[in-house]
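The values are calculated or read from the model by the stated rules, or taken from the named source; none is laboratory data. Only a predicted model underlies this, so the values are computations on that prediction, with no experimental measurement involved. Note that each Cβ is placed from the backbone with ideal geometry, even for glycine, and that neighbours are counted across all protein chains shown.
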């Protein structure tokens, strides 16, 4: 391959990894690791483990969906456009997963096991569960496991507060709905009938703010003591983002996903501000 071919393939791989969610999840979990009391090296290990896991999941998703994406005429997908081959994406997905395994265990035996179960669940979603009524399960389990992964790797293997785990799981449910929304029409056309596809686009758009607001409410009201001004401001921001995503989702189905990411960022900020529930 010439230099231009290599550059094109690398660009295709960068697009096929779902860069938005990959970067967002890696950044938010790394911030959570810092807040939990991990040192620089520990936080870097968490970031590397999450990044490689997310890369493997994103590449697996595009490789598995290549046939359906081609049938749906999704030219924006790098495999469909011919920018990168499906075999290259498969090899990249498996390679990233192989690297993810030792990085995860380097964060702690229990922590690594928790993270790899979450990554395996995401692969199961790509391979089968996304087309079933249980498509939401890998998202709820995967997101809910993230604070467990971060905290159980600390000395003494503590456990995060229950409300942190439940809030993270609720964020996962909202992320699932928001992530699927733009593709519901194309998914149904090629026979993918997960939970959101069965609900339909209008119901999904209306439902997205519910788990996002529930997660934020937990982070505001579950910690000991009355909410402070920062907590109320965070809850107001999430409410505004959630309602904006629903109101503007009719203009572009990608808007609710962007607002869901914004809600997750606010929720991590709420957790950092509270200083409770995640270890140090």
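Can you list the helices (runs of 4 or more DSSP H) lying wholly within region 55-130 that have 3 or more residues being buried (at least 21 other Cβ atoms within 10 Å of the Cβ) and under 16 Å from the mean Cα position of the chain (by Cα)? Before the answer, list the steps.
Details: elements: 66-71, 78-81, 86-106, 109-127.
The qualifying helices (runs of 4 or more DSSP H) are 109-127.
Yes/no per residue for (1) crowded, with 24+ Cβ neighbours inside 10 Å; (2) assigned to a helix (DSSP H, G or I):
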site	(1), (2)
204	no, yes
211	yes, yes
217	no, yes
225	no, no
237	no, yes
256	yes, yes
259	yes, yes
263	yes, yes
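Matching residues to (1) in the same structural domain as residue 105 (by TED's automatic domain parsing); (2) closer than 16 Å to residue 53 by Cα; (3) touching a residue at least 24 places away in the same chain (Cβ under 8 Å):
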| position | (1), (2), (3) |
| --- | --- |
| 120 | yes, yes, no |
| 133 | no, no, yes |
| 141 | no, yes, yes |
| 150 | no, yes, yes |
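Taking the stated definitions as given, is residue 142 closer than 21 Å to residue 268 by Cα, in contact with a helix residue (DSSP H, G or I) (Cβ under 8 Å, 6 or more places away or on another chain) and part of a helix (DSSP H, G or I)?
Considered against the rule, which asks whether it is closer than 21 Å to residue 268 by Cα, in contact with a helix residue (DSSP H, G or I) (Cβ under 8 Å, 6 or more places away or on another chain) and part of a helix (DSSP H, G or I), residue 142 comes out as yes.
Criterion first (at negative phi and in the same structural domain as residue 99 (by TED's automatic domain parsing)) does residue 58 satisfy it?
Details: at negative phi: yes; in the same structural domain as residue 99 (by TED's automatic domain parsing): yes.
Yes, satisfied.
Taking into account only those residues within region 16-44 that are in contact (Cβ under 8 Å) with a residue 60 or more places away in the chain and more than 18 Å from the chain's Cα centre (by Cα), which is surrounded by the fewest Cβ atoms within 10 Å (Cβ to Cβ)?
Filtering region 16-44 for residues that are in contact (Cβ under 8 Å) with a residue 60 or more places away in the chain and more than 18 Å from the chain's Cα centre (by Cα), the one surrounded by the fewest Cβ atoms within 10 Å (Cβ to Cβ) comes out as 37.
Does residue 164 satisfy being touching a helix residue (DSSP H, G or I) at 6+ places or on another chain (Cβ under 6 Å), surrounded by 23 or more Cβ atoms within 10 Å (Cβ to Cβ) and either modelled with pLDDT of 90 or more or outside any helix (DSSP H, G or I) (or both)? Lay out the reasoning, then the answer.
Numbers: touching a helix residue (DSSP H, G or I) at 6+ places or on another chain (Cβ under 6 Å): yes; surrounded by 23 or more Cβ atoms within 10 Å (Cβ to Cβ): yes; either modelled with pLDDT of 90 or more or outside any helix (DSSP H, G or I) (or both): yes.
Yes: the conditions hold for residue 164.
Read through the list (1) surrounded by fewer than 19 Cβ atoms within 10 Å (Cβ to Cβ); (2) over 21 Å from residue 21 (Cβ atoms); (3) at pLDDT 90 or above, then give the number of the only condition that residue 275 fails.
(3)
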